[in-house]
Structure formats: C-alpha cells, structure tokens
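Engineer: If you scroll down you'll find the structure; I have some questions about it.
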Amino acid sequence: MNTNSESNLPVRHILLFGTVIVNEGQGYHQDDGVFTVPRNGKYIFSWTIATETGGFVSVEIVVDGRVVGSLFANGPYGWDFSTGVAIVQASAGNHVFIRMHQTGSGVIDSDAKGRSQFSGCLLF
C-alpha cells in the first residue's frame, strides 16, 4: 500500500502499492497503481489484501476494463489475509490494477506484520 494503512476507500478506488521490489521494464506505476502490459502474452497476476481485526474488504482485479477476479478479506476475530490469482491473455498497452469492489469497513494494512501486495509476470 502507499502508506501503512488505508481506510474508508470508495468503490472503484484503485489501490496504490508503494513498496516496489521488482519492476522490470517499469510497467508498474506507483503514482496511479496501474501496471501497463509491455507486450502481448499470457500473464499471471496475484494480489493479497490484509485487513485488521473487525474489518472487511472486497477488491477486484481489472484487465483492460474487464473484471477478471475478486476477493474478500474479513477479520472478525483477528487480522485476515486473502489472496487472488488470475491468468489472462493481455495485449501490449492494456492496463491492469486492483480496485475496491465495494466499500469496506476497517483498514487495508501493509506493514511489518503483513503486506498487501500486487504482482504479475509474463508466462509466455
């Protein structure tokens, strides 16, 4: 996440992942949370969302304007982590991002206890 935690995010808000470990080709843009596909092919994307005790979050992955996956994290008794995976055919220039599916309750976290993350790579 762009900060250690974000709360009360509106529907369709694109999540920003500020800690970038690898960004081969500079396709991921930290300023807007969008990955721009560099070349045609099959890609695998994964995303993990962490929520604090008492919170719930619903997010979805969007590829070229199409929702191709979603997840729900719910932590009624403690922190919860949910992970989604999507394999898609994508074309050069397509945009891929994670956004809020519905308004959640509580906080999306990313810190030393656990990271919310977004990753992807070209398969072939």
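Bear in mind that the values in this text are calculations on the coordinates, not laboratory data. This is a predicted model, so every value here is computed, not measured. Ideal geometry is used to build each Cβ from the backbone, glycine not excepted, and the neighbour counts take in all protein chains shown.
Engineer: Give me, ordered by chain and number, the residues 5 or more places off residue 29 or on other chains with an amide H under 5 Å from its own placed amide H.
Structural biologist: Amide H neighbours of residue 29: 34, 35, 36.
Engineer: Using R₀ = 30 Å, calculate the FRET efficiency as 1/(1 + (r/R₀)^6) where r is the Cβ-Cβ separation of residue 20 and residue 103; round to 0.05. Present the calculation step by step, with values, prior to reporting the outcome.
Structural biologist: Numbers: r = 27 Å, r/R0 = 0.90.
It comes to 0.65.
Engineer: May I pose another question? For the chain, state the average projected area of the convex hull of the C-alpha atoms over all orientations, rounded to one decimal in nm². Don't skip to the answer; put the middle values down first.
Structural biologist: On the way: hull surface 27.0 nm².
If I average the Cα hull's projected area over directions, I get 6.7 nm².
Engineer: Given H placed 1.01 Å from N in the peptide plane, which residues other than close sequence neighbours of residue 40 have an amide H under 5 Å from its amide H?
Structural biologist: Distant-sequence amide H within range of residue 40: 92.
Engineer: Also: With a ≥ b ≥ c the root eigenvalues of the C-alpha gyration tensor of the stretch 51-109, is it rounded (a/c under 1.5), prolate (a/b larger than b/c) or oblate?
Structural biologist: Numbers: a/c = 3.48, a/b = 2.58, b/c = 1.35.
Here the stretch 51-109 falls in the prolate category.
Engineer: Would you mind counting up the charge near residue 43? Only other residues with Cβ under 15 Å from its Cβ, with Lys and Arg at +1 and Asp and Glu at -1. Kindly include the intermediate steps, with their values, before the conclusion.
Structural biologist: Details: positive: 39, 42, 66; negative: 24, 64.
With Lys, Arg at +1 and Asp, Glu at -1, the net is +1.
Engineer: Compute the length gained on full extension between residue 91 and residue 113: take 0.36 nm times their separation in residues and subtract their Cα-Cα distance, giving the result in nm to one decimal. Mind dumping the intermediate values first?
Structural biologist: Numbers: separation 22, 0.36 × 22 = 7.92 nm, distance 3.58 nm.
My answer for the length gained is 4.3 nm.
Engineer: Pop out the ³J(HN,Hα) list for the stretch 63-76 in order, Karplus 6.51 cos²θ - 1.76 cosθ + 1.60 with θ = phi - 60°, rounded to Hz; leave Gly and Pro as x.
Structural biologist: Taking θ as phi minus 60°, the curve returns 10, 6, x, 10, 6, 10, x, 8, 8, 9, 10, 9, x, x Hz for the stretch 63-76.
Engineer: Another question, then. May I ask you to compute the full-extension gain from residue 77 to residue 32, defined as 0.36 nm times their residue separation minus their alpha-carbon distance, rounded to one decimal in nm?
Structural biologist: Numbers: separation 45, 0.36 × 45 = 16.20 nm, distance 3.25 nm.
So the chain would gain 13.0 nm between residue 77 and residue 32.
Engineer: Further, regarding this structure: Based on the mean of other beta carbon atoms within 10 Å per residue, what is the order of 64-77, 17-30, most packed first? Kindly include the intermediate steps, with their values, before the conclusion.
Structural biologist: Numbers: 64-77: 14.7, 17-30: 12.2.
Those peptides, ordered most packed to least, come out 64-77, 17-30.
Engineer: Then there's this: Whole-Hz Karplus ³J(HN,Hα) for the stretch 30-46, in order, using 6.51 cos²θ - 1.76 cosθ + 1.60 and θ = phi - 60°, x for Gly and Pro?
Structural biologist: Each residue of the stretch 30-46 in turn: 4, 6, 10, x, 9, 9, 9, 5, x, 7, 4, x, 8, 10, 10, 10, 9 Hz.
Engineer: Now a separate question. In sequence order, what are the phi-derived ³J(HN,Hα) couplings for the stretch 114-122 according to the Karplus relation 6.51 cos²θ - 1.76 cosθ + 1.60 with θ = phi - 60°, rounded to whole Hz, with x for glycine and proline?
Structural biologist: x, 10, 7, 8, 9, 8, x, 7, 6
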